[in-house]
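Just so it is clear, none of the values below were taken in a lab; they were calculated from the coordinates. Keep in mind that this is a model prediction, so the values were computed, not measured. Don't worry about glycine lacking a Cβ; one is built from the backbone with ideal geometry, like all the others, and counts go over all protein chains shown.
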Amino acid sequence: MSILKEIARIVEERSGIITYERSIYRILQAIKMTNDIWEIVSIAEEPLPLVTETINVLKERGFVKINNGIYLTENGKKLLQDLEVEDLIEYKCKTCNGKGIDLEQFKNLYEEFLEIQKNRPEPVREYDQGYITPISTVARVVFATSRGDIKNKDVIILGDDDLVSIAVALTNLAKRVVVLDIDKRLIDFIKNVSNDYNLDIEAFVFDLREPLPDEYVKNFDTFITDPPETLPGFKAFISKGLVTLKGERCAGYFGLTRVESSLNKWLEFQKYLIESNVVITDIIKDFSEYVNWGFVEETKAWKLIPYKKKPDTYWYKSYLFRIETLRGYKAENSRISDEAFYQDVEGSCT
Ligand code: SPD
């Protein structure tokens with residue numbers, strides 16, 4: 001059995017996450033490029049518990065040593081040579097940072113948003129919060145605008161610690177902006193900004209586990225959300241989003257990570273979209289970068305990492321997805337059990 005296969009088998013057995021030889025190869029690539037655990041997870045694009053378990057096995061086999069970082073031993077360096085492990089170089093556009101949009105025309109909007117968000121409420125663990133950088137929020141809105149989903153449209157945001165509602169309203173393009181969030185601190189903040197800047201945002205405290213009241217059903221052209229990454233959590237948020245849409249050829253936006261979801265889980269998410277008769281029109285890698293949240297020491301990730309150091313770069317990123325409803329699409333407006341929001345084996349950042 002090849003060494004990659006052997007390690008993959010052990011990691012899969014211990015972590016409970018499907019592990020491929022390529023998963024181990026990618027982690028070796030990442031270790032070749034950086035010593036920082038958070039960066040390794042980010043570069044490898046495998047769920048954090050799979051990465052940390054792989055590092056445990058590599059350490060047991062004498063391929064790496066841990067000293068406030070992950071370092072290859074002489075044996076480890078030889079392993080990389082034998083496997084001909086290559087660097088993973090991203091030839092990303094330096095102007096748009098890979099987002100694929102030009103923000104030049106929205107410079108003023110960005111500066112205004114940057115100022116407004118300075119006093120925003122900080123993320124709390126209870127609601128699995130963790131917001132994206134201001135530039136990521138503005139880019140999301142500009143991207144949706146470029147796809148024709150904002151101008152003269154009724155837009156709803158389901159869960160909004162990213163303050164997307166404020167950025168949408170600042171464009172002055174949407175017909176209507178509605179935001180629902182369980183966190184009263186956020187809704188109060190958005191309402192105050194809306195009053196101060198005359199933005200006309202309709203903001204309500206609402207627990208998305210509950211069925212949506214009639215006034216939000218079939219009333220919007222576009223929904224934007226950032227779902228929890230368990231399968232029930234994803235279904236819950238996306239089906240609620242679909243319920244809000246007026247009909248066929250309406251759009252939805254959401255982010256998905258590789259830190260908390262393996263490609264096998266992505267496949268489950270995509271199967272759900274197909275079953276719902278919804279099509280993915282766009283996927284953009286690392287579109288959103290998350291500002292490191294204050295409660296990292298309370299998370300499963302903290303317990304799993306092999307040495308304790310807080311992240312000092314934006315390591316947690318999500319891909320941006322755009323979907324469209326097609327004829328005969330299905331959406332469910334039911335009550336969702338709390339199970340939806342529990343972490344699965346791949347999650348670690350709550
Ligand atoms: N609690 C850490 C940050 C969680 C942010 N969740 C993002 C999910 C993207 N689908």
**Message:** Filter Lys94/Lys285; Lys240/Lys285; Lys285/Lys317; Lys32/Lys310; Lys107/Lys153; Lys153/Lys235 down to the pairs with a C-alpha to C-alpha distance above 19 Å, please.
**Reply:** Lys240/Lys285; Lys32/Lys310; Lys107/Lys153; Lys153/Lys235
**Tilt relative to the chain, helix 231-244 - C-alpha long axis, 0 to 90 degrees, to 10** = 20 degrees
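Would you mind calculating the relative contact order of the stretch 189-298 from Cα pairs under 8 angstrom and at least 6 residues apart, reporting the percent as a whole number? Each step should come with its number before you reach the end.
On the way: 82 pairs, mean separation 23.3, N = 110.
Taking the mean separation of contacting Cα pairs over the length of the stretch 189-298, I get 21 percent.
May I ask for the net charge around Pro134, where only other residues with Cβ less than 12 Å from the Cβ of Pro134 are counted and Lys, Arg are +1 while Asp, Glu are -1? Each step should come with its number before you reach the end.
Values: positive: Lys118, Arg120, Arg140; negative: Glu111, Glu112, Glu115, Asp162, Glu289.
Neighbour charge sum, excluding Pro134 itself: -2.
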**Item:** Projected-area average for the chain over all orientations - Cα convex hull basis, square nanometres
**Value:** 17.6 nm²
**Prompt:** If you take the C-alpha gyration tensor of the stretch 147-197, multiply each eigenvalue by 5 and take the square root, what semi-axes do you get, largest first, in whole Å?
**Reply:** 19, 12, 8
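With an 8 Å cut-off on Cα pairs and a minimum separation of 6 or more residues, tell me the relative contact order of the chain in percent.
On the way: 628 pairs, mean separation 65.3, N = 350.
Relative contact order here is 19 percent.
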**Message:** Can you bin every Cα-Cα distance in the stretch 1-132 into 5 Å intervals starting at zero and give me the percent of pairs per bin, rounded to whole numbers?
**Reply:** 2, 9, 15, 17, 14, 10, 11, 9, 7, 5, 2, 0
**Prompt:** Roughly how tilted is helix 263-275, in degrees to the nearest 10 and between 0 and 90, from the longest Cα axis of the chain?
**Reply:** 30 degrees
**Request:** Hand me the GluC sites (Glu not before Pro) from the stretch 28-115 located in a DSSP loop with no more than 11 other Cβ atoms within 10 Å, in residue order please.
**Result:** Glu84, Glu86, Glu90
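How would you classify the stretch 175-252 from its alpha-carbon gyration tensor, with a ≥ b ≥ c the square roots of the eigenvalues: rounded for a/c under 1.5, else prolate if a/b is greater than b/c, otherwise oblate? Display every interim value, and only then the final one.
Numbers: a/c = 2.10, a/b = 1.35, b/c = 1.55.
Cα axes put the stretch 175-252 in the oblate bin.
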**Asked** Which one of Phe206, Ser261, Ile182 is farthest out on the positive end of the charge dipole of the chain, using unit charges on Cβ (Lys, Arg +1; Asp, Glu -1) and the Cα centre as origin?
**Response** Ser261
**Request:** Fewest Cβ neighbours within 10 Å first, please rank Ile284, Ile66, Ile224, Ile323 accordingly.
**Result:** Ile66, Ile284, Ile323, Ile224
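Order of Leu320, Leu48, Leu199, Leu263 from fewest to most other C-beta atoms within 10 Å? If you can, show how the numbers build up before the last one.
Values: Leu320 22, Leu48 28, Leu199 19, Leu263 15.
Least crowded to most crowded, the residues run Leu263, Leu199, Leu320, Leu48.
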**Asked** How far is it, in nm, from the label point at Glu13 to the one at Asn219 when both lie 7 Å from their Cα along the line to the Cβ?
**Response** 5.6 nm
**Message:** How charged is the neighbourhood of Glu260? Take every other residue with its Cβ under 9 Å from the Cβ of Glu260, and add Lys/Arg as +1 and Asp/Glu as -1.
**Reply:** -1
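When the helix-only estimate is applied to the chain (DSSP H runs of n ≥ 4, each -39,500 (n - 2.57), divided by the residue count), what is the mean residue ellipticity at 222 nm, nearest 500 deg cm²/dmol?
On the way: 12 runs with 133 residues, N = 350.
Only helices count here, giving -11500 deg cm²/dmol.
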**Item:** Considering only the chain, percent of DSSP beta bridges that pair antiparallel, nearest 5
**Value:** 50 percent
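If we count every other residue with Cβ under 13 angstrom of Glu111's Cβ, Lys/Arg +1 and Asp/Glu -1, where does the sum land?
Numbers: positive: Lys107, Lys118; negative: Glu104, Glu112, Glu115.
Residues close to Glu111 contribute a combined charge of -1.
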**Asked** Given +1 on the Cβ of Lys and Arg, -1 on the Cβ of Asp and Glu, and no further charges, what dipole in debye does the chain carry about its Cα centre, rounded to the nearest 20?
**Response** 520 debye
**R0 of 41 Å, Cβ-Cβ distance Glu297-Arg327: FRET efficiency to nearest 0.05** = 0.25
**Request:** Under 1.5 on a/c is rounded, so check that first for the stretch 124-265, then, if it is not, pick prolate when a/b is larger than b/c and oblate when it is not; a ≥ b ≥ c are the square roots of the alpha carbon gyration tensor eigenvalues.
**Result:** rounded
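Kirkwood hydrodynamic radius for the stretch 1-42: how many Å is it when counted over pairs of different Cα atoms? Before the final figure, lay out the partial values.
Working: mean 1/r = 0.0936 Å⁻¹.
By the Kirkwood definition, the hydrodynamic radius is 10.7 Å.
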